[in-house]
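The values are calculated or read from the model by the stated rules, or taken from the named source; none is laboratory data. Everything numeric in this text was worked out from a predicted model, so none of it was measured. With ideal geometry, Cβ positions are generated from the backbone for all residues, glycine too; neighbour counts draw on all protein chains shown. Accessible surface is based on the protein model in full, side chains and every heavy atom, while ligands, DNA and RNA are left aside. Shrake-Rupley method; radii C 1.70, N 1.55, O 1.52, S 1.80 Å.
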Amino acid sequence: MGEIEEAIERADRESFTKDPPKTLKGQIGYLLKQMGSAKAVAQELGVTADSVNRYRRGARKNARADVAAKIDDAVRQRWQPMVRKRRQKQAAATGGITVETRARFGYTSSAGSTDDGRFRRLTVKLPAAYAQRLFDARDTGASDQQMREIIAEGFKEVYFQDGGGRAMGLSDVEINDIDYLDLDY
């Protein structure tokens, strides 16, 4: 999973209106409701159906660390899908998406200006169209680089060119060496 996709996942988790189950028994119970059978849950987690049933009954109170991480990820992926969809739809329709990052930005521009990449810490609210493009790219399995290009294009328009008010000779913006990237919508 790339940096951009992880940032989208974090933003989704922040939109939860209710915390997901924390206990192993509660998490397994939730997964069983969502997936229908112990066999389906076991297949997703890479364990046996008997293990899933032991977790459900409480006969096993703790899972191995790797299995516990898989259980937690499976629950979080399925938790409150309607809340996630509503927030993403709102961001893509009207709200836009706020990108906070510290990364090296490089760009191609007209002669006489510098295009040396340098680290910048930016917080920029990108319009709804960029949120829609980012969500569509993630849903179609786009690479992290392709999603970076969408964000870079948004930064070019909103931050560097100030919506068409300056730096019109700027043709390409690149994001490299990301220290951190956080999204909010």
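Worth a mention:
- Per residue solvent-accessible surface (Å²) - the chain, probe of 1.4 Å: 56 Å²
- Heavy-atom surface analysis with a 1.4 Å probe gives segment 5-82 a carbon and sulfur content of 46 percent of its accessible area.
- Estimated dipole of the chain in Debye, rounded to 20 [Cβ of Lys and Arg +1, of Asp and Glu -1, Cα centre]: 1500 debye
- Look at the dipole of the chain built from charges on Cβ: of Phe135, Thr101, Val75, the Cα furthest out on the positive end belongs to Val75.
- Percent RCO, i.e. relative contact order, over the chain, from Cα pairs under 8 Å lying at least 6 residues apart: 26 percent
- Three-way shape label, segment 59-106, alpha-carbon gyration tensor, a/c 1.5: oblate
- Flagged links, alpha-carbon separation over 25 Å, of Lys22/Lys125; Lys18/Lys156; Lys33/Lys85; Lys22/Lys89; Lys25/Lys85: Lys22/Lys125; Lys18/Lys156; Lys22/Lys89; Lys25/Lys85
- Net charge contributed by nearby residues that have their C-beta within less than 11 Å of Glu44 (K/R +1, D/E -1): +2
- Placing unit charges on each Cβ (+1 for Lys and Arg, -1 for Asp and Glu) gives the chain a dipole about its Cα centre, and among Ala65, Leu181, Ala92 the Cα reaching farthest toward its positive end belongs to Ala65.
- As a rough guide to protection, the peptides 62-71, 24-33 ranked by mean Cβ packing within 10 Å, highest first, stand as 24-33, 62-71.
- Stokes-Einstein translational diffusion, segment 23-63 - Kirkwood Rh over all Cα pairs, 1.567 mPa s, 4 °C, in µm²/s: 134 µm²/s
- Value in Å of the Kirkwood radius, where segment 1-124 supplies the Cα pairs that are averaged: 17.6 Å
- Sum of -39500 (n - 2.57) over DSSP H runs of 4+, divided by residues of the chain (222 nm, nearest 500): -14500 deg cm²/dmol
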